[in-house]
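Notes to accompany the following structure.
What follows is calculated from the coordinates using simple rules that are stated; it is not laboratory data. Small disclaimer: the values here were computed from a predicted structure and weren't measured. Note that we place each Cβ from the backbone using ideal geometry, even for glycine, and neighbour counts take in every protein chain shown.
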Amino acid sequence: MRLHGISRDAFDRFTAKVPSWYYEIVAPGFKYNLTDIAAALGIHQLRRAREFQARREAVAKAYAGELAGLPLVLPPGPAEGDLHSWHLYVVRLGDEARIGRDAFIEQLFAAGIGCSVHYVPLHLMPYWRDRYGLRPEQFPHSQHAYERLVSLPMYSRMTEADVARVAAAVRQALNA
């Protein structure tokens, strides 16, 4: 899939010890190979992957402490012995929250806090919705979750002050 759906390494045909020019496209694919520059940057970033993960874990723990007791469902941590990437920090507005997700996001935005929603369910995407006649009431649980989920800022360069600032804006939006 990464290289046009070709069945074998297309570049092998130039370096093989025997003629091996034949290849097939077995599926619709993409062109996901990296440029040399992107690969060089990636190799050096990989050396820092554990450092980045540890910082994100620290941010997640700080969020958990700062947001405890609010009408939110916080993300679960990893199982014992596992490692969590903390790629995202997704909270769910509790049913007792007196604000809806969209108004919550608007209030955080007004406070200078960018957040997002990961992810919009497929049944709401025009292609899937229109092609298969999908309606939100067919998916009550995913629809309800979608309407309550917010991804708070999460990145390895966040400081404790950044986390505190986000948490203060969250508390303000929730009137807590």
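Quick one: if the Förster radius is 30 Å, what FRET efficiency do Glu147 and Ala79 give, using the C-beta to C-beta distance and rounding to 0.05?
According to the calculation, E is roughly 0.60.
Helix 49-67 versus the longest principal axis of the chain: what angle, 0 to 90°, nearest 10, using Cα atoms?
Once rounded, one gets 20 degrees.
Could you identify which residue out of Tyr23, Tyr155, Tyr127 has the top mean-square fluctuation in a GNM of the chain using Cα springs shorter than 10 Å?
Tyr23
Given the chain, what whole percent of its Cα pairs are spread farther than 26 Å?
53
By how many degrees, between 0 and 90 and to the nearest 10, does the Cα long axis of helix 36-46 differ from the longest principal axis of the chain?
50
Would you mind calculating the relative contact order of segment 49-173 from Cα pairs under 8 angstrom and at least 6 residues apart, reporting the percent as a whole number? Numbers along the way, then the final one.
On the way: 146 pairs, mean separation 44.6, N = 125.
Here the relative contact order equals 36 percent.
When the chain is fully extended, how far beyond the present Cα-Cα distance does Arg131 get from His87, taking 0.36 nm per residue of separation?
12.7 nm
Where is the GNM fluctuation largest for the chain (alpha-carbon springs, 10 angstrom cutoff): Gln143, Gln53, Gln107?
Maximum among the listed residues: Gln143.
Please give the length that would be gained between His4 and Ala168 if that part of the chain were fully extended, namely 0.36 nm times their separation in residues minus their C-alpha to C-alpha distance (nm, one decimal).
54.3 nm
Helix-only estimate, please: 222 nm mean residue ellipticity of the chain, summing -39500 (n - 2.57) across DSSP H runs of length 4 or more and dividing by its residues, to the nearest 500.
Working: 7 runs with 74 residues, N = 176.
Roughly -12500 deg cm²/dmol at 222 nm, from the helical runs in the chain.
Using a Gaussian network for the chain with springs between C-alpha atoms less than 10 Å apart, which of these wobbles most: Phe139, Phe109, Phe52?
Result for the chain, Cα springs under 10 Å: Phe139 fluctuates most.
In degrees between 0 and 90, to the nearest 10, how far off the longest principal axis of the chain does helix 101-110 point, with axes built from Cα atoms?
Between helix and principal axis, roughly 90 degrees.
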